[in-house]
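Contents: one structure, followed by commentary.
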Amino acid sequence: DGGITQSPKYLFRKEGQNVTLSCEQNLNHDAMYWYRQDPGQGLRLIYYSQIVNDFQKGDIAEGYSVSREKKESFPLTVTSAQKNPTAFYLCASTGAGDTQYFGPGTRLTVL
Amino acid sequence: SQQGEEDPQALSIQEGENATMNCSYKTSINNLQWYRQNSGRGLVHLILIRSNEREKHSGRLRVTLDTSKKSSSLLITASRAADTASYFCATDEGSSYKLIFGSGTRLLVRP
């Protein structure tokens, strides 16, 4: 069953805590992306990676970090420096074409 | 940066009616894509139209692109209650790796 998986579905963070969101794909895609979506809004790009061991900042990278040690995995860490992290986080990947394939998302809430 | 802007922000129609939503963008593009998002879920790719195409069909979907006006429209014919979702346009920036999403149109199809 090919696709993109994200875990957990729901995540709660205390103030000052770092949390890591998982994104895994078995589509053999080179490029992977992390987006943030606030209620009633569109998607904003946090980080993207075109290839293993390489990634670039998107439009709202401050307070976030990523790694791309394996082609299949692109975890996102929300650090304590992100002052307003409550949002819906979406991971996506792209193969040879321009279409992005999305995971089901992780809803992060700060307590 | 916000490239695509959808209009209207929200649309409520009766089942069986057609739904039209529009997208405007600011810079030159290679292609424009439309995605659908059910509440609390990931995005699903609907259709891609390239800059040298003017119209494209897929089932009950019809997309037009006017590069001179930097605008696109998505028409859903004979709408169904299951079409209730948010619809987003996304454009590239001349790079196939990054997409910029608009803020979306929330469509409600009343049974």
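Throughout, read-outs are computed from the coordinates displayed, never taken from laboratory work. Everything quoted here is computed from the prediction, not taken from an experiment. When we count neighbours, we look across all protein chains shown, and the Cβ atoms used for this are built from the backbone with ideal geometry, even at glycine.
Could you tell me which numbered condition B:V44 fails, if it satisfies all but one of (1) more than 15 Å from A:T99 (Cα to Cα); (2) assigned to a strand (DSSP E or B); (3) free of Cβ contacts under 8 Å to residues at least 12 places away in the same chain? That leaves (1) as the condition not met. Residues in region A:83-96 that are more than 8 Å from chain B (Cβ to nearest Cβ), of a type outside the set (A, V, I, L, M, F, W, C) and over 13 Å from the mean Cα position of the chain (by Cα): 4 in all.
Applying the condition of being touching a residue at least 24 places away in the same chain (Cβ under 8 Å) and not aliphatic (A, V, I, L, M) to region A:45-70 and asking which residue is nearest to A:A87 (Cα to Cα) yields A:Y64. Counting only residues that are more than 23 Å from A:D38 (Cβ to Cβ), touching a residue at least 12 places away in the same chain (Cβ under 8 Å) and either in a loop (DSSP other than H, G, I, E, B) or among the polar types (S, T, N, Q) (or both), region B:78-111 holds 6 of them. What number of residues within region B:57-111 satisfy the criterion of being of a type in the set (S, T, Y) and touching an Asp or Glu at 6+ places or on another chain (Cβ under 8 Å)? Result for region B:57-111: 7. Per the conditions (1) within 11 Å of chain A (Cβ to nearest Cβ); (2) closer than 28 Å to A:A31 by Cα, the sole criterion not satisfied by B:R106 is (2).
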